[in-house]
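Q: The structure's right below; bear with me while I get my questions together.
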Amino acid sequence: MMDFAIGIDLGGTFIKGGVISQKGECLLEKSTPTESHLGGETIFKNIRHLCQNLRDEFSEGTIKSMGIGTPGLVDQEKGGVVSGAHNLPGWLNFPFIHLLKADFSLPVFAHNDVTMMTYGEYLIGAGKGATNLICITLGTGIGGGFILNKSLYEGSSKYAGEVGHMKIRHNGRSCTCGSKGCWEAHASASALVQRAKEKKIYKENENSGKIIFEKVKQKDPASIKLLKSYISDLALGVSNLLNIFNPDIFVIGGGLSGASNQFFEPLQKKVQDKTMEAAFNACCIKPAILGNKAGMIGSALFSLNQS
Ligand SMILES: [Zn+2]
């Protein structure tokens with residue numbers, strides 16, 4: 001008998017949910033606005049409603065558990081997020097795990113969203129078969145997750161993976177954490193947009209990192225220069241991680257990573273220049289393949305493997 005779980009990926013704008021088989025197939029998928037500006041109670045109601053709809057419409061088997069990926073640091077015993085999640089007002093300390101358990105009479109497990117994405121890519125995505133995997137995602141910041149010796153590495157207080165706040169400059173660009181020179185302040189997708197606007201390469205209404213590839217195709221010199229500098233900053237952080245952890249697979253997710261010719265090849269070359277030869281040669285750097293499904297697939301499989 002096949003086991004199924006509900007996987008939820010809580011984002012700042014949308015909540016994505018799916019019914020996932022133990023093999024990682026997505027059999028049913030739905031999403032709903034997060035409405036984060038209305039506070040924790042509303043976010044929770046939206047999650048619960050999405051879970052109810054998924055459970056009611058799914059008829060091919062029995063749902064065994066629920067997994068939820070959320071921004072921030074999750075404390076499973078306390079039942080919610082105990083740190084971070086600044087983009088979700090009222091979500092901190094909201095005991096959604098306990099409430100969902102009571103409502104659905106199912107085991108419910110939650111973890112950080114990037115950790116869940118890493119877990120999904122590790123089990124059935126670009127990181128499949130890795131012994132040591134690092135997965136990063138380029139978005140508003142740079143999130144990271146680690147699989148070391150084939151297990152999820154969480155750190156002493158489950159805070160491992162904050163790769164975005166690795167310093168790559170002394171007195172560099174200001175970061176949301178209050179520090180300067182953090183990797184994500186230079187090399188997240190948002191940092192690329194910000195840098196393009198400062199250089200007047202982007203217009204005020206251009207807000208996607210991917211637009212830079214169009215401008216480079218049109219041979220705009222300022223865009224070519226910026227993309228080169230951006231990739232160099234991104235490579236610095238990747239190289240640091242390769243030298244420290246010596247992973248066999250390094251997965252990069254987020255919208256930018258799909259642009260293979262203009263992004264991946266120059267990035268790999270830059271990383272090679274900056275990395276110890278033995279560490280670079282041991283590692284395959286790849287784009288993520290589960291796209292925006294990685295979080296919900298990882299969450300569902302995480303819950304099945306815990307319960
Ligand atoms: Zn920072």
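Q: Which residue is nearest to the ligand (Cβ to nearest atom), if the candidates are limited to the range 207-220 and must be at pLDDT below 95 and in a loop (DSSP other than H, G, I, E, B)?
A: Ranking the candidates gives 209 first.
Q: I would also like to ask the following. Taking the condition of being in contact with an Asp or Glu (Cβ under 7 Å, 6 or more places away or on another chain) and buried (at least 19 other Cβ atoms within 10 Å of the Cβ), how many residues in the range 264-303 meet it?
A: 7
Q: Could you grab the pairs with beta carbons closer than 7 Å, sequence gap of 6+ or different chains, first residue in the range 196-218 and surrounded by 14 or more Cβ atoms within 10 Å (Cβ to Cβ), second one of a type in the set (Phe, Trp, Tyr)?
A: If the second residue must be of a type in the set (Phe, Trp, Tyr), the pairs left are 196/202; 211/202.
Q: Considering only the range 110-130, how many residues are under 14 Å from residue 7 (Cβ atoms) and surrounded by fewer than 24 Cβ atoms within 10 Å (Cβ to Cβ)?
A: Of the residues in the range 110-130, 2 are under 14 Å from residue 7 (Cβ atoms) and surrounded by fewer than 24 Cβ atoms within 10 Å (Cβ to Cβ).
Q: State yes or no: is residue 223 over 19 Å from the mean Cα position of the chain (by Cα), among the small types (Gly, Ala, Ser), away from the ligand (no atom under 16 Å from the Cβ) and under 27 Å from residue 292 (Cβ atoms)?
A: When the stated conditions are applied, residue 223 passes them.
Q: Then there's this: Where the second residue is outside any helix (DSSP H, G or I) and of a type in the set (Lys, Arg) and the first is at pLDDT 95 or above and lies in the range 241-265, which pairs have Cβ atoms under 9 Å and are six or more apart or on separate chains?
A: 249/128; 249/286; 250/286; 251/286; 252/286
Q: Anything in the range 145-164 that is buried (at least 18 other Cβ atoms within 10 Å of the Cβ) and within 16 Å of the ligand (Cβ to nearest atom)? List them, or say none.
A: Hits for the range 145-164 are 161, 162, 163, 164.
Q: So which pairs qualify, if the first residue must be in the range 161-172 and without any contact (Cβ under 8 Å) to a residue 12 or more places away in the chain and in a loop (DSSP other than H, G, I, E, B), the second must be near the ligand (Cβ under 10 Å from one of its atoms) and not small (Gly, Ala, Ser), the Cβ gap must be under 7 Å, and the two must be at least 6 apart or on different chains?
A: 171/180
Q: Can I ask one more? Just to verify a result, which residue in the range 173-199, among those that are assigned to a loop (DSSP other than H, G, I, E, B) and under 21 Å from residue 242 (Cβ atoms), is farthest from the ligand (Cβ to nearest atom)?
A: Step by step, filter the range 173-199, then rank; the result is 188.
The values are calculated or read from the model by the stated rules, or taken from the named source; none is laboratory data. All values derive from a computational prediction rather than experimental measurement. FYI the Cβ positions are ideal-geometry reconstructions off the backbone, even for glycines, and counts take in every protein chain you see.
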